[in-house]
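*Asks:* Just dropping this structure here.
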Amino acid sequence: QPFVLRRNWSAAGDPTGRGVTGDVVWDARTQTGYMRFVGLRRNDAAREQYQLWIFDGRRDQRYPIDGGVFNADGSDEVVVPIRARLPVGTPLAFAVTLERSGGVVVSDRERVVVIARSS
């Protein structure tokens with residue numbers, strides 16, 4: 001479908017992302033999507049959680065859209081719905097960071113696990 005974007009994950013700077021594969025699917029029309037991960041390390045939800053960030057070409061890149069926090073249980077495959085906090089106009093990239101439990105309002109991007117860029 002013309003409004004559906006699908007991109008593969010690539011490892012980013014954090015060692016947690018090594019060997020992780022999968023993809024992100026986003027439907028601009030319905031503002032819904034999901035992320036699929038294979039090999040994503042289990043997190044200790046009491047200490048840290050994964051958080052999705054959506055970089056929108058219509059917004060300041062210093063402040064990507066929060067796509068929600070989630071946990072990985074160590075399963076071979078993890079599928080997570082995207083919960084964008086704001087409407088997404090032109091998604092340029094999707095990035096997953098590892099943050100303190102509960103997530104953050106603005107990430108320091110110190111622990112970027114995987115990234116999926118639009119072409």
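*Asks:* Identify all residues within the stretch 99-117 that are in contact with a Gly (Cβ under 9 Å, 6 or more places away or on another chain), of a type outside the set (G, A, S) and either open to solvent by 20 Å² or more (accessible area, probe 1.4 Å) or closer than 13 Å to V69 by Cα (or both); write none if there are none.
*Replies:* If the condition is that a residue be in contact with a Gly (Cβ under 9 Å, 6 or more places away or on another chain), of a type outside the set (G, A, S) and either open to solvent by 20 Å² or more (accessible area, probe 1.4 Å) or closer than 13 Å to V69 by Cα (or both), then R109, E110, R111, V112, I115 are the ones that fit.
*Asks:* Tell me which residues, restricted to the stretch 3-33, are open to solvent by 70 Å² or more (accessible area, probe 1.4 Å) and touching an Asp or Glu at 6+ places or on another chain (Cβ under 9 Å).
*Replies:* F3, R6, N8, G13
*Asks:* Moving on to the next point. Of these, D56, D66, which one is more than 14 Å from A116 (Cα to Cα), of a type outside the set (G, A, S) and out of contact with any Cys (no Cβ under 7 Å at 6 or more places or on another chain)? Before you say what the answer is, go through the steps one by one.
*Replies:* On the way: D56 fails: more than 14 Å from A116 (Cα to Cα).
Checking each option against the conditions leaves just D66.
*Asks:* Let me ask another. May I ask you to list the residues in the stretch 38-97 that are of a type in the set (D, E) and either open to solvent by less than 40 Å² (accessible area, probe 1.4 Å) or assigned to a loop (DSSP other than H, G, I, E, B) (or both)? Lay out the reasoning, then the answer.
*Replies:* Taking the stretch 38-97 as the starting set, the residues that turn out to be of a type in the set (D, E) are 44, 48, 56, 60, 66, 73, 76-77.
Across the stretch 38-97, the qualifying residues are D44, E48, D56, D60, D66, D73, D76.
The values are calculated or read from the model by the stated rules, or taken from the named source; none is laboratory data. Keep in mind that this is a model prediction, so the values were computed, not measured. All Cβ positions, glycine included, derive from the backbone under ideal geometry; neighbour counts span all protein chains shown. These accessible areas exclude ligands, DNA and RNA; they are computed on the full protein's heavy atoms, side chains included. Shrake-Rupley method; radii C 1.70, N 1.55, O 1.52, S 1.80 Å.
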